[in-house]
Every structure is written in structure tokens, then in C-alpha cells.
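Participant: Here it is, the structure, as C-alpha cells.
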Amino acid sequence: MQSILHKANPLISCRLWLLPLLAILLCSCEGSDAQRRSFSEEQRQFYPVERPAAYHRPSSLIAALEDSSSYWVDSVFNTLTPEERIAQLIIIEAFSNKGAKYEADVMRLIKEYKVGGIIFFQGGPVRQARLTNKYQAASKVPLWISMDAETGVGMRLDSAVEYPSQQMLGALTDNDLIYRMGVEVAQEFKRLGMHINFAPVADVNNNPRNPVISYRSFGEDKYEVAAKSIAYMQGMQDGGIMAVAKHFPGHGDTDVDSHYDLPVINFGRERLDSLELYPFRELIKHGLGGMMVAHMHIPQLDPAKNVPSTLSEPIVTGLLKQELNYKGLIFTDAMVMKGVTKYFEPGEAEARALMAGNDVLERLNSVPKAIRAVQEAIENGDLTQEEIDRRCKRVLAAKQWLGLDKYKPVQLENLYEDLNPPIADLINKNIADNAITLLNNRKKMLPLQQTPRMSIATLSVGASRVTAFQRQVKHHATETDDFFISRKADARETRKMWKQLKKYDVVLVALYGPSMQPGNNLGYSKDATKLVQQLAKSNKAVVTLFNNAYTLNQFPDIENSRALLVGYQGYFHAQAAAAEVIFGKVPARGKLAVTVNKHYTFGDGIYLNKPFMAGPSAP
């Protein structure tokens, strides 16, 4: 995979081997002393002028965690009180769009309790970078900065690149594209001073009613989920950040969202071994740095009543650490979720999570309550200080591998430009071109070959103006009339629209959900749904769904469409690629990653590689 990294962006590989040399040169220049003087007296001890031995960065994070000979780790650890060693196992949440009072609360937790890290959510790149610099300057130990960014930093921040959903990536037959995406996600993380991405989602989603995983999964086939998860993970870790796969031991076959309740999984060990655990097992074999444990009750693995897997010693220690021999860092899912708080109080939950075998606690209700509860568990003999110390050193070892022993503030200059590089746009285009999935092509409707008298209309359902798809169609069609209608359209509006569309030879229909993100329910009115049904049965419609493939089930008779495509989501490149497939400018190559219904099952997808050529056909 390393050769792919070089091919994808030769500058990346150059930057990776130049970093140690640059660090040595910077330490010897005049500016380094000035920079040290900017640290507080408390921080300065972590950046000594003389180092007893150079740090030789291990090739993998797992190797770094197994290496106990780091001077930096020992020197930092020895400055920490027992309470501060507990705090190093805590990641608190932060936003960059909530104002000064909220930011002061985060700062208080950093200064007073010496927490180990931050997970950022919504905001803007420059605002986040400024906060990162402020928080790092105030922290006794360099903070590791994380984000739950399954589709890149644009999933959380404005003015940054967002990549496709994992369901769309699941339609690809070329996993190298996912690896390249992972490398670029890592570069954008590092540019923002971040170190950990809580991705990939390695859940096998084989339940169409799943309210929380769904389009976030690579699909329903365990082999495809494993291969694509490994590609994404390796891209990020080769790029220098930590990947944290989730949600162990598998959240794909649930119909309860653990954000709001505790799902109960009644499958036996044989089923879990053969399906849910497979991708996680393969990720472990390939060097996964971090694993996130889900909040699910699995009686077959732990019969204790209402105990989520996060707090289960048989699952975290027995299954993950001992049976699967996982040596990486183990993170809890957010400790504010109802899947854990429904039955366990703040503080008790965090102590039990550490007792179960987790290394890092993420997003707590109360940092002081958690620290006090862990101290009480140590006093009661349920935990030992030695075990806390061992996990603290592992966290510090990971921080050093991620470069935090040579921490530098985030540079604000050119930040927007660096977070929107041309290579990211190219990766997005290549993914879209390869993922568009053709499910129907009756009477060889596509590629659409126009005749002089052919009349073409475009209709965007779920739009309030002409869409990118319609604008892209105009690049390929000689002439079109463009229409749009709301998802909530009533009978009067839909009857009028149907009357207008009946006179056209071809209608190119685009279906959108309530937002650019895929959803489980598009929220179409009865009359808007009926209009789509009429068009599907009209023998003149090419229908493209720019949303979660499962939502095809919300349109009766959609299988009767003359041509049917799935674009998976409404971002620009998907809309442009669909227009190009319709007019034969690019092949249709995508395959369904999930079974939608009896008409469209896993692996379906018509390969269409017949580009339209103007003029007479070749003999």
C-alpha cells in the first residue's frame, strides 16, 4: 500500500521522511529558543534542550505502544500526579461555534484537570485552529486532538472538503480510491493540528431498518466491509494519524439507536464470529491503531443485566484483548449517550469502563465525577494505580508517535486553501465516477442518444431551484426544459407537473432528500411519491436517486423505470457523474453494497461502457 501513497501524492511521502530532519534543524536554530520561552514553566520540562537519545519513530502505532523505552514518555509521566494520570485517559468534547462562555468551560477542564485530549465537533477551520492553539498553550501535557469525521473534516467544519458516505464507497470496485482518500483525510487532519479520526465504520449493515449505521457502513458483505475498512484505515495511518474503527463488536444489525437507548443484540457467539466480528478481526491483523467499543447489550457474551458492551469485562478484556489479541488503544463510544447513561450514573459508568478494560474515555458528562469515581475504584481495589499508570504511558506513547513530543501551533495562513486542495477534488470526482450504480436499463435506454426531434425535460424532486444535476445535463443535451418540485408537494402541484411532463419524449428525474446527507426517510408527501410512481411507469423516465440506496423502497413501482440509477448522495460530483453516465461520457461501474428489496440485491449493477459517439456508427 505504501507504493500507492507515493503514486497518489509524491509530496506526501517527501513530507513524511523530511519531518525528522526538519525537526532536528529547527531545534538548532535561533527561533527554537524563542519558541521555548513562549511555553509556561510547567510545559517547558517537556521540551528539554538536551535529549538523552533521539526518538526513532516505530513504523506502526502498535509497535510504539509496545515500546517501553521512550525518554519523553517517562519524563512526562513522572511529572504527573495520580489524578492527572487518570485525566490523561479522558477526551472531552469541544465546538468552535458556541461562543466565549463555552470555550471558557473547555479551558477550565484543560487547566484544572489536565485532561488528555479533545474531540472537536461543529464549527469552522480557522476558529478551530485558533482554539486548538489556545488549548494546547494552556495544557500541561500536549493534547491529542480528535474528530468523529467519517467523511473527512468537512463532515464537521464549514469551508472544508467532505468525502462520500461509506455506502457510496461500498459501491466501488477499486479500493485504492478509498486508500487515497484516507491519505488525504490524514493530511487535512494534520493541517488542522489533529491526530485521531474515529473512523472507519466497520459495522456490517445488513438491517435496512438500522437507524444509526445504515449509509455510514460500507455495506452488508463482511468481506467487502473488511477490505474497504482496511483500505481507509491504512490510508489514514500511512498518512500519520490514528484510525479508530467502530463500533465493536458490531452495530450493523440493530433497530435501536444507542444515542437514545440501549440496543439488545441476541445473537449467539457463532453468528457474531461468522459475521459481525470478521471486519474487526481483519483490521486487527492489519495494524489498526484504535478500536471504539459500542454501547450494546449482548446477553450471549455478557449475561449481566443491562450492561452495555462498553462496560463489559467479558467483551472488552475477554473478547477483544485476550481472544482477539488486540494490542492497540481501546476507546469507549461517547459516554454521554443513552446507551450507557440509561442504567449507569456519570462517574460510575466511567469507572466501570476502565474496569472493563478500555484505555480512553470519550465525551463525559462530568470530568470531576469520573475522576473521583476512578479514585474510589482504586481505593476499593476494583482498579489498581499500576493499571492506570500503564494505560497513561500507552496514551503518552501514542501521543509521541503522533508527533506531540514536537508539538507546534497550527499555522493560520492559507488554511482554507490547504484544506481544499485540487487532489481532494480529484479524489471526489474519481469516487463519484466509479460509484454511480445503474440498476435498470430497459430497451438500452442508456446511453441516451439524442435525435433531432427528441424532447427532453429534467425534473428535480425535493428542490426549490434548478439543481447541479440539471445544470450538468445541459453540458451534454442539445436542449432541455427544467422543472423542480418540493418533496411536500400537494395534489394540485403534482397534477400540474404531470400534465406538463407528459408531452416530453424523455424525462430525466432526480430524487433528493431533505439535506445533502443521505437519510433513512426522505419525507416525501403522498402526492410527490405518486408523481414519482407515475413517472417510473411512464416508459420515458430515467430516474436517479441521490440518497441512501435503502430509500428506493419509499417509491412504489420504481423498479418499472426505463432506467434507474443510484447516486447515493447529493454532492456535486455525484450529480455530475450521473449526468455523464446518462449520456455515455463515463461508464457505469458501481455495484450495490446492500440488498434493498427483492428487485435490487447486494452486488447488483449493470456495467455500461458504451460511450456515445456523435455521427454515424462505426461499421
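The values are calculated or read from the model by the stated rules, or taken from the named source; none is laboratory data. Only a predicted model underlies this, so the values are computations on that prediction, with no experimental measurement involved. Cβ sites come from the backbone with ideal geometry, for glycine too, and all protein chains shown count toward neighbours.
Participant: Working carefully through the options LYS342, LYS327, LYS285, LYS305, find the one that is basic (Lys, Arg) and in contact with a helix residue (DSSP H, G or I) (Cβ under 8 Å, 6 or more places away or on another chain).
Facilitator: Within the list LYS342, LYS327, LYS285, LYS305, the selection yields LYS327.
Participant: Further question: Going through segment 556-569 one residue at a time, which ones are in contact (Cβ under 8 Å) with a residue 40 or more places away in the chain and buried (at least 23 other Cβ atoms within 10 Å of the Cβ)?
Facilitator: Across segment 556-569, the qualifying residues are SER561, ALA563, LEU564, LEU565, VAL566, GLY567, TYR568, GLN569.
Participant: Of all the residues that make up segment 344-361, how many are over 26 Å from the mean Cα position of the chain (by Cα) and among the acidic types (Asp, Glu)?
Facilitator: Residues that pass the stated criteria total 2.
To keep it simple, each residue is scored yes or no on (1) buried (at least 24 other Cβ atoms within 10 Å of the Cβ); (2) in a loop (DSSP other than H, G, I, E, B).
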residue: ALA199; (1), (2): yes, yes
residue: HIS247; (1), (2): yes, no
residue: THR254; (1), (2): no, yes
residue: HIS259; (1), (2): no, yes
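Participant: Just checking, does segment 164-174 include any residue being part of a helix (DSSP H, G or I), aliphatic (A, V, I, L, M), surrounded by 21 or more Cβ atoms within 10 Å (Cβ to Cβ) and in the same structural domain as LYS114 (by TED's automatic domain parsing)?
Facilitator: Yes, some residue in segment 164-174 is part of a helix (DSSP H, G or I), aliphatic (A, V, I, L, M), surrounded by 21 or more Cβ atoms within 10 Å (Cβ to Cβ) and in the same structural domain as LYS114 (by TED's automatic domain parsing).
Participant: Go through segment 512-545 and give me each residue that's of a type in the set (S, T, N, Q), closer than 24 Å to ASN441 by Cβ and not in a strand (DSSP E or B).
Facilitator: Hits for segment 512-545 are THR529, GLN533, GLN534, SER538, ASN539.
Participant: Looking at (1) outside the structural domain of SER139 (by TED's automatic domain parsing); (2) surrounded by fewer than 17 Cβ atoms within 10 Å (Cβ to Cβ), which is the only condition ASN430 fails?
Facilitator: (2)
Participant: Select, from LEU283, LEU262, LEU288, the only residue that is more than 17 Å from ALA199 (Cα to Cα) and in contact (Cβ under 8 Å) with a residue 12 or more places away in the chain.
Facilitator: Within the list LEU283, LEU262, LEU288, the selection yields LEU262.
Participant: Examine segment 99-107 for a residue that is buried (at least 18 other Cβ atoms within 10 Å of the Cβ), in a strand (DSSP E or B) and either touching a Phe, Trp or Tyr at 6+ places or on another chain (Cβ under 8 Å) or β-branched (Val, Ile, Thr) (or both), and state whether such a residue exists.
Facilitator: no
Participant: Looking at ILE423 and the list (1) surrounded by 16 or more Cβ atoms within 10 Å (Cβ to Cβ); (2) of a type in the set (Val, Ile, Thr); (3) assigned by TED's automatic domain parsing to the domain that holds SER60, which single condition is not satisfied?
Facilitator: (3)
Participant: Test each condition in (1) under 35 Å from the mean Cα position of the chain (by Cα); (2) touching a residue at least 12 places away in the same chain (Cβ under 8 Å); (3) farther than 20 Å from GLU580 by Cα for VAL466 and report the one that comes out false.
Facilitator: (3)
Participant: Within segment 435-479, can you find the residues that are in a helix (DSSP H, G or I) and of a type outside the set (Val, Ile, Thr)?
Facilitator: Looking only at segment 435-479, we keep the residues that are in a helix (DSSP H, G or I), and these are 435, 442-444, 468-473.
Within segment 435-479, ALA435, ARG442, LYS443, LYS444, ALA468, PHE469, GLN470, ARG471, GLN472 qualify.
Participant: Related question: Is there a residue in segment 187-195 that is of a type outside the set (Asp, Glu), within 20 Å of ASP433 (Cα to Cα) and in a loop (DSSP other than H, G, I, E, B)?
Facilitator: Checked against the condition, which is being of a type outside the set (Asp, Glu), within 20 Å of ASP433 (Cα to Cα) and in a loop (DSSP other than H, G, I, E, B), segment 187-195 yields no hits at all.
Participant: For LYS246, are the conditions met, namely being in contact (Cβ under 8 Å) with a residue 24 or more places away in the chain, out of contact with any helix residue (DSSP H, G or I) (no Cβ under 9 Å at 6 or more places or on another chain) and within 26 Å of ILE145 (Cα to Cα)? Before you say what the answer is, go through the steps one by one.
Facilitator: Values: in contact (Cβ under 8 Å) with a residue 24 or more places away in the chain: yes; out of contact with any helix residue (DSSP H, G or I) (no Cβ under 9 Å at 6 or more places or on another chain): yes; within 26 Å of ILE145 (Cα to Cα): yes.
It is true that LYS246 is in contact (Cβ under 8 Å) with a residue 24 or more places away in the chain, out of contact with any helix residue (DSSP H, G or I) (no Cβ under 9 Å at 6 or more places or on another chain) and within 26 Å of ILE145 (Cα to Cα).
Participant: Hey, can you tell me all the residues within segment 261-291 that are within 23 Å of the chain's Cα centre (by Cα) and either of a type in the set (A, V, I, L, M) or not assigned by TED's automatic domain parsing to the domain that holds GLN234 (or both)?
Facilitator: Taking segment 261-291 first, the residues within 23 Å of the chain's Cα centre (by Cα) are 261-263, 275-291.
Of everything in segment 261-291, those that are within 23 Å of the chain's Cα centre (by Cα) and either of a type in the set (A, V, I, L, M) or not assigned by TED's automatic domain parsing to the domain that holds GLN234 (or both) turn out to be LEU262, LEU275, LEU277, LEU283, ILE284, LEU288, MET291.
Participant: Against the condition among the hydroxyl-bearing types (Ser, Thr, Tyr), more than 22 Å from THR332 (Cβ to Cβ) and buried (at least 17 other Cβ atoms within 10 Å of the Cβ), how does SER69 come out, does it pass?
Facilitator: So SER69 does not fit the description; no.
Participant: So which of ILE582, ILE606 is buried (at least 24 other Cβ atoms within 10 Å of the Cβ), of a type outside the set (Gly, Ala, Ser) and either within 25 Å of LYS443 (Cβ to Cβ) or not assigned by TED's automatic domain parsing to the domain that holds GLY252 (or both)?
Facilitator: ILE582
Participant: Another one. Please work out if LYS429 is of a type in the set (Lys, Arg), closer than 23 Å to LYS591 by Cα and under 27 Å from the mean Cα position of the chain (by Cα). First the steps, then the outcome.
Facilitator: Working: of a type in the set (Lys, Arg): yes; closer than 23 Å to LYS591 by Cα: yes; under 27 Å from the mean Cα position of the chain (by Cα): yes.
Yes.
Rundown of residues vs (1) over 13 Å from the mean Cα position of the chain (by Cα); (2) of a type in the set (D, E, K, R), yes/no style:
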residue	(1), (2)
ARG127	yes, yes
ALA137	yes, no
LYS140	yes, yes
LEU143	yes, no
GLN167	no, no
GLN187	yes, no
LYS190	yes, yes
